[in-house]
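Values quoted throughout were computed directly from the atomic coordinates according to the rules given, and no laboratory measurement underlies them. Just so you know, these numbers come straight off a predicted model, no measurement behind them. Positions of Cβ are generated from backbone atoms using ideal geometry, with glycine treated the same way; all protein chains shown enter the neighbour counts.
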Amino acid sequence: MVGIAQYGLFSTYVMQNRYQEAVMVLDDMLLDRPGNVDLLLKKSAMYHKMERYDYAINLYEQAINSSVSQDRKHLLIGYGELVGARIKQLRENYRLPEARVLTQQWLNLDSSNQMALLYMINICYQLKDKESMLSFAKLAEREYKEDLQFKIKLAEAMNLSSENLESSWSMLHAQVVQAPFHATLVTAFANTSEQYADRLLKNKEYEKARVVLDSALHYSDTSRVLKYMKGLAYEGLRQFDSAYVYQSFYEPSLLEYEAFKMHLSQLQHRTYRNSFALSHLRARFGDDYKITSISTAEFSRLVSKGSSYTGRVNYAGRDEGKGIQGQFEWFTALGKELYGRVDIALSNKFFAKYAINAAAIYAWKPMWEGEVGVGYRRFHTGQNLSNLNLAATKEINDFRLGLKLSNFNLDSDGERFYLYNLSSKIQYFMDSPRNYILAVASVGNSPDIDLVNNQLYNSFNMLNSMVGVGIGRGITKNVGVSALGTWYNFQKDETVVAKTYRNLYNLYFQIHVSF
């Protein structure tokens, strides 16, 4: 009779929203029946109504621990509803550490609960705990192998570390092949493909990036971002016509518009197979007002991807007469990252009597390029000059930095001399490779190779130095101009006790037309 009266009193307090008095009644009842599951659940419900959530959850856990095994599964369902609502509330209030602790309590009681695992994965992501997120995502994927939701969550966790991108992409690719119409899966696959392709593009793995993007576009064929990135891959593969088409899908912001428009113009410029250039060099020594000029006309033809031929004619008119040099150059791709260049030249005066050069250029990631070149020149004076060039180039954002060491072996009147020249170039691109400013410098006991080719002076085995600045500009989509000014300072005669030096000033102009 006392128990019945207590239940009646408890019900009355609950109906009147007098929850504290109701708890006191339950406490009296628990003195007689400690560990009673039904009473513990009722007390938990009262604390929940009073928004004393920690007490409510602890009491529910006591009820689970006091229950018999056949009731545990049913009680865990109710516990999940209670804890899940509290976790959701904590996350909405950005109390993420507390939400994580509570979710861990849930998993301690029910380690394979689907909702608890999902909450934990999402909370770890919000807390930027990459390792824990990946750990719980793997656990969830093992428990629910057929649940695509956890496949996607695992991929999201793996994507937080770049070294896992390939595995993540492969996993989602296998799933999307089986479920091509699963919208969430397709979106996740597209996002992962975007991240993975971005890393491949930065590492200059252009062909692999193109394959990844093609796979993603098969399921997300309207994605402008994926199409634009495919254009970047084609640009790296030097397929500029396709690069132009796919990059045109990009929608630039107002701030990006001019730069993007300029870049598209540059891509279109590089689709042309023919190019013609006119160059003019004006040189004057500091102690002489006489101008020495060299004019050049050249024509290039792109015959296939990465392969071109160039014909070049240099003309110089001086007091001693007219000098003409003809030059033929062949450039070709020898592999994905290896290129070769060979040129041969003949002249009647002023330039090298004949010259032949060959070079191998190797591009490796990230944005490094190395070159090894050899050459031989026979001058009209009877001197022979052979050379070995070693060069390295590095691209850093909008800068291109180059360093070159030219080693010469000069045979002059039976005597042999080792000569060298160390040169550097810093080039800054403004929106496009056609728009740039550059600075050059060199030092050595020989002039740099360009001056040797032009034969303006031969100060061999004596100190030579040079500095210069230049600029290039694309005027239209197929016309560009450039200018370069250099100042050479070299030792005049090493036999003089007091060393004397001369200055040479050069201005170099070029107009370039592609069609």
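With the radius of gyration and the Kirkwood radius both derived from the Cα set of region 38-88, what is their ratio Rg to Rh?
Result: Rg/Rh = 0.95.
Among the lysines, which have Cα under 23 Å from the Cα of K290 when same-chain residues fewer than 8 positions away are ignored?
K322, K349, K492
When the gyration tensor of region 72-174 is built from Cα positions, what are the square roots of 5 times its three eigenvalues, in whole Å, from largest to smallest?
25, 17, 9
Give me the distance in nm between label points sitting 7 Å out from Cα along the Cα-to-Cβ direction at N203 and Y418, one decimal.
Calculated label separation equals 4.1 nm.
Taking the Cβ of Y7 as the centre, find all other residues whose Cβ is under 11 Å away and add up their charges (Lys, Arg: +1; Asp, Glu: -1).
Net charge around Y7: 0.
State the volume of the convex hull built on the alpha-carbon positions of region 10-57, expressed per residue in Å³ and rounded to an integer.
62
Give the Cα extents of region 222-366 along the principal axes, in whole Å, largest first.
68, 36, 27
Would you mind working out the magnitude of the charge dipole of region 252-376 relative to its Cα centre, with +1 at each Lys and Arg C-beta and -1 at each Asp and Glu C-beta, to the nearest 20 Debye?
Dipole about the Cα centre, nearest 20: 340 debye.
So what's the chain giving for Rg/Rh, alpha carbon basis, Kirkwood Rh from the mean inverse pair distance?
1.28
With a sphere of radius 9 Å drawn around the Cβ of Q383, what net charge do the other residues whose Cβ falls strictly inside it have (Lys, Arg +1; Asp, Glu -1)?
Within the 9 Å Cβ shell, the charges total 0.
What lysines sit close enough to K151 to cross-link, taking a C-alpha to C-alpha distance under 21 Å and skipping anything fewer than 8 places away on the same chain?
Filter leaves K128, K130, K138.
Give the long-range amide H neighbours of V469: residues separated by 5 or more places, or on another chain, with amide H under 5 Å away, using H modelled in the peptide plane at 1.01 Å from N.
Under 5 Å from the amide H of V469: V440, G485.
Can you give the helix-only mean residue ellipticity at 222 nm for the chain, where every DSSP H stretch with n ≥ 4 adds -39500 (n - 2.57) and the sum goes over all residues, rounded to the nearest 500 deg cm²/dmol?
Theoretical 222 nm ellipticity from helices: -13500 deg cm²/dmol.
Averaged over every viewing direction, what's the projected area of the C-alpha convex hull for region 133-211? Give it in nm², one decimal, please.
Mean shadow area of the hull around the Cα atoms is 4.9 nm².
Using Cα centres only, tell me the gap between region 308-376 and region 144-213 in whole Å.
For region 308-376 versus region 144-213, the Cα centre distance is 45 Å.
Convert each backbone phi in region 316-331 into a coupling constant with the Karplus relation 6.51 cos²θ - 1.76 cosθ + 1.60 (shift: θ = phi - 60°), then list the ³J(HN,Hα) values in order as whole Hz, x for Gly and Pro.
Per residue, the Karplus-derived 3J(HN,Hα) values read 9, x, 9, 4, 7, x, 10, x, 10, 10, x, 9, 10, 10, 10, 10 Hz.
Suppose we flag GluC sites (Glu not before Pro) only when DSSP calls them loop and at most 14 other Cβ atoms lie within 10 Å. Which is the longest uninterrupted stretch of the chain?
No qualifying site falls inside 338-493, the longest such stretch.
Run the numbers on the chain and let me know its relative contact order in percent, using alpha-carbon pairs under 8 Å that are six or more apart.
Taking the mean separation of contacting Cα pairs over the length of the chain, I get 7 percent.
Taking every eigenvalue of the Cα gyration tensor of region 412-498, multiplying by 5 and rooting it, what semi-axes result, largest first, whole Å?
Whole-Å semi-axes of the equivalent ellipsoid: 34, 13, 11.
Any idea how far the Cα center of region 90-125 sits from the one of region 419-466, in Å?
Region 90-125 and region 419-466 have Cα centres spaced 64 Å from each other.
Along the Cα-to-C-beta direction of Y272, a point sits 7 Å from the Cα; which residues of region 443-483 have their amide N less than 11 Å from that point?
It comes to 475-481, nothing else.
In the calculated pair distance distribution of region 291-449, what percentage of Cα-Cα distances lie above 22 Å?
Taking all Cα-Cα pairs of region 291-449, the fraction more than 22 Å apart is 56 percent.
Order these by the 10 Å Cβ neighbour count, fewest first: K42, K290, K336.
So the ranking, lowest neighbour count to highest, is K290, K336, K42.
Tell me the net charge near K477. Cut-off is 12 Å between Cβ atoms, K477 excluded, with +1 for each Lys or Arg and -1 for each Asp or Glu.
My count for the surroundings of K477 gives +3.
If I model a spin label as a point 7 Å beyond the Cα along the Cα-Cβ vector, how far apart are those points for I291 and H182 in nm?
Going from the I291 label point to the H182 one covers 7.4 nm.
Under 25 °C and 0.890 mPa s, how fast does region 292-366 diffuse according to Stokes-Einstein, given a Kirkwood radius computed over C-alpha pairs? Answer in µm²/s, whole number.
Roughly 176 µm²/s, to the nearest whole number.
Beyond 15 Å, what percent of the Cα pairs of region 216-282 remain?
Tail of the P(r) past 15 Å holds 58 percent of the pairs.
Using a Förster distance of 56 angstrom, determine the FRET efficiency expected from the C-beta separation of H380 and K261, and round it to 0.05.
E(calc), rounded to 0.05, equals 0.65.
When the dipole is taken about the Cα centre of the chain, and only Lys, Arg (+1) and Asp, Glu (-1) are charged at their Cβ, what size is it in debye, to the nearest 20?
Roughly 1500 debye, rounded to the nearest 20.
What list of ³J(HN,Hα) couplings, whole Hz, do you get for region 469-482 from phi and the Karplus terms 6.51, -1.76, 1.60, once you set θ to phi - 60° and write x for glycine and proline?
Per-residue couplings from phi come out as 9, x, 8, x, 8, x, 7, 10, 5, 10, 10, x, 10, 8 Hz.
For G323, what residues show an amide H to amide H distance below 5 Å, using hydrogens built from the backbone and excluding near sequence neighbours?
A316, G317, R318
Relative to the present Cα-Cα distance, how much length would full extension add between E163 and I437 at 0.36 nm per residue of separation?
Extending this stretch completely gives an extra 94.9 nm.
Take the Cα atoms of region 99-241, find their three principal axes, and give me the spread along each one in whole Å, biggest first.
60, 28, 21
Take every Cα-Cα pair in region 441-486 and report what % of them are more than 18 Å apart.
43
With θ set to phi - 60°, apply the Karplus curve 6.51 cos²θ - 1.76 cosθ + 1.60 along region 343-360 and write out the HN-Hα couplings as whole Hz, x wherever there is a Gly or Pro.
9, 9, 9, 9, 8, 9, 5, 6, 7, 4, 4, 8, 8, 9, 9, 9, 8, 10
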